[in-house]
Amino acid sequence: MLTGKPLNIAIIGGGASGALTVIQLLQNINFPVSIKLINKDQSIGRGFAYSTNCPQHLLNVRTNNMSLFPDKPNHFIEWAKKNNIESLIEKSGLPLEDDFLPRMYYGDYIHDTLNEAISNKKPFIDFEIVQKEAFDMDADNGSYTIKFTDQSETKADKVVLAIGNFLPTNIPIPNEAFYGSASYIRHPYDSNLLNAIKPDEEVLIIGTGLTSVDVVLQLKANGIRGKITAISRNGYLPHHHVEKVKHPVYIDGGANYSLHEALSVIRKEIKAAGSKGMHWPNVIDALRPFNQKLWIGFSDKDKKLFVRKLSPAWNISRHRMAGAIYNKITALLNSGNFEIVKGGLKNLTSENGRVRVDLNTKDTAHSSIYVDRVINCSGPQTDYEKVEIPLLKNLVAKGIIGPDPLRLGINATPDGAIISRSGATSPTLFTLGPPLRGILWESIAMPEIREQAEKLALILGRE
Ligand SMILES: Cc1cc2nc3c(=O)[nH]c(=O)nc-3n(C[C@H](O)[C@H](O)[C@H](O)COP(=O)(O)OP(=O)(O)OC[C@H]3O[C@@H](n4cnc5c(N)ncnc54)[C@H](O)[C@@H]3O)c2cc1C
């Protein structure tokens with residue numbers, strides 16, 4: 001159909017998920033449509049993950065699994081070759097397809113692919129980037145009015161909430177006033193804040209996951225000589241990638257497993273692999289195509305148990321660092337200039353121009369330490385009832401969206417159709433990527449997001 005009123009589609013959030021949904025729409029829609037990509041800043045296609053300009057921040061997925069398109073596995077490799085990325089990076093000894101490239105180039109890749117899709121768009125498709133913050137939205141008879149902070153508004157027939165990742169929440173401590181201090185950095189991806197740290201300052205990082213690793217590398221690349229201490233309850237750093245060897249499928253894709261059954265199959269496979277001298281990470285990676293299905297099949301009780309008890313171990317095993325990063329972090333740990341303390345945060349107090357950190361830890365040498373800066377890398381806030389973002393607060397208050405039962409994201413179907421607070425599944429309001437964490441568990445990395453964007457574009461493209 002090439003006549004009639006165009007369908008209005010608005011995508012709120014222009015990070016990787018929003019940009020990729022637009023790319024899919026521009027490439028595949030065959031009738032008049034007007035698409036608006038709404039993003040509050042200039043980081044189109046990049047978001048938190050790919051806005052970094054620190055070359056030490058590497059992808060944690062190999063080049064050969066980072067294509068934006070499920071049906072074109074070599075797309076990113078080809079882009080990297082065309083742009084001669086290998087000549088710009090530190091040599092890792094790995095061939096390009098198995099390497100972990102700096103994230104900033106992945107941001108360039110998304111940017112270039114979006115621009116190409118815009119240049120090649122069909123004449124009956126209107127596309128516009130709206131650089132504004134959406135702060136509210138009304139739903140009326142199947143149509144939406146999106147309101148911006150500058151008082152302007154726009155209408156849409158279908159909306160995608162591609163709002164992605166949030167900042168970490170402040171850890172509850174008696175002295176909450178500390179969080180207003182200039183010594184505290186809540187935004188671990190804000191390079192300007194990290195670059196303002198002076199070379200001799202000592203730093204406490206709350207959290208020991210991949211974001212903490214990023215921050216340590218960035219601080220060291222900036223010439224910070226002061227000691228860096230990272231704390232977490234388990235004291236675990238993420239594991240590192242090993243040589244990739246394709247592991248055979250060992251899960252029955254058609255069967256439903258309880259958590260207990262799934263764990264027992266995985267443990268057995270890891271043991272068998274170990275006895276043959278094979279690496280366990282490849283056993284975990286072989287599960288990836290089945291992770292969402294396993295998760296959807298678990299009972300609510302199993303899901304809660306997994307989140308509470310097993311997710312820390314899963315996260316460090318599943319989301320691993322590149323070998324080159326592991327070597328750097330190990331060298332820093334060995335030098336004594338970076339230290340990990342197992343414990344919980346008790347309090348933070350400004351004292352004589354420094355920060356006194358009180359910890360709940362068995363390690364008595366660290367129950368009280370002094371630093372100059374505290375950086376929160378404790379992981380994104382996921383509870384939509386607590387998120388301080390105006391748009392989401394308003395949508396939750398109106399019941400247009402609600403938290404999923406695990407409070408890891410937005411309540412929705414596995415296809416991303418949003419389920420309102422009253423339990424109605426919307427045919428016109430969708431989400432993808434990190435907000436689907438509670439529904440799919442495995443929903444934050446590009447190999448999953450690219451599949452979601454492709455399917456979502458098909459659903460959005462239905463007249
Ligand atoms: C540090 C980091 C490293 C990662 N590394 C990898 C990796 O190596 N490999 C991999 O596969 N995955 C990786 N991931 C995971 C994954 O790629 C990201 O989670 C993904 O980029 C999510 O993109 P997104 O667009 O959903 O969210 P975001 O990147 O958070 O983007 C959301 C966008 O929406 C905008 N926005 C939000 N609210 C509004 C509003 N109200 N109005 C207007 N605009 C709004 C924001 O400004 C932002 O630009 C990483 C994630 C992080 C955080």
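The numbers here are math on the coordinates, done by the rules we state, and not lab data. From a predicted model like this one, the values you see are computed outputs, not experimental measurements. A quick note on method: Cβ atoms are made from the backbone with ideal geometry, for glycine too, and the neighbour counts reach across all protein chains shown.
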For the stretch 259-318, the charge dipole (Cβ of Lys, Arg +1; Cβ of Asp, Glu -1; about the Cα centre) points to a positive end, and the Cα of A272, S299, V283 closest to that extreme belongs to S299
Helix 323-335: inclination vs the chain longest Cα principal axis, degrees, rounded to 10, gives 30 degrees
Plugging the Cβ-Cβ distance of N315 and N28 into 1/(1 + (r/R0)^6) at R0 = 35 Å yields, to the nearest 0.05, a FRET efficiency of 0.55
If one compares the long axis through the Cα atoms of helix 16-28 with the longest principal axis of the Cα atoms of the chain, the angle in degrees, nearest 10, works out at 30 degrees
Trypsin sites (Lys or Arg not before Pro) in the stretch 59-146 lying in a DSSP loop, each with at most 13 other Cβ atoms within 10 Å of its Cβ, come to K91
Computed about the Cα centre, the charge dipole of the chain from +1 Lys/Arg and -1 Asp/Glu charges at the Cβ has a magnitude in debye, to the nearest 20, of 960 debye
Gyration tensor (Cα only) of the chain to equivalent ellipsoid, semi-axes in Å sorted down, yields 36, 27, 24
With +1 on the Cβ of every Lys and Arg and -1 on the Cβ of every Asp and Glu, the dipole magnitude of the stretch 259-318 about its Cα centre, in debye rounded to the nearest 20, is 120 debye
Ratio for the stretch 284-366, C-alpha Rg to 2.2 N^0.38 Å, reads 1.59
Any lysines whose Cα falls less than 29 Å from that of K342, other than same-chain ones fewer than 8 residues away, would be K198, K220, K227, K271, K301, K303, K304, K309, K328, K362, K386
Dimensionless Rg/Rh of the stretch 200-262, both radii on Cα and Rh by Kirkwood, sits at 1.23
Spelling it out for F127: with amide H atoms placed in the peptide plane at 1.01 Å from N, the residues 5 or more places away or on another chain with amide H under 5 Å from its amide H are I35
Partner lysines whose C-alpha sits under 30 Å from that of K5, ignoring same-chain residues fewer than 8 away, are K36, K40, K121, K122, K132, K147, K155, K158, K398, K455
Loop-resident GluC sites (Glu not before Pro) in the stretch 53-119 with no more than 10 other Cβ atoms inside 10 Å, DSSP not H/G/I/E/B, are E90
Once the in-chain neighbours fewer than 8 apart are removed, the lysines whose Cα is under 17 Å from K82 read K72
Nearest 10, in degrees from 0 to 90: the angle of helix 446-460 to the longest Cα principal axis of the chain is 20 degrees
Once phi for every residue in the stretch 94-107 is put through the Karplus expression 6.51 cos²θ - 1.76 cosθ + 1.60 (θ = phi - 60°), the whole-Hz ³J(HN,Hα) values, with Gly and Pro written as x, are 8, x, 3, 5, 9, 7, 10, 7, x, 4, 4, 6, 5, x
Packing-ranked peptide list from 187-196, 360-369, highest mean Cβ count within 10 angstrom first, is 187-196, 360-369
Gyration tensor (Cα only) of the stretch 259-318 to equivalent ellipsoid, semi-axes in Å sorted down, yields 21, 12, 11
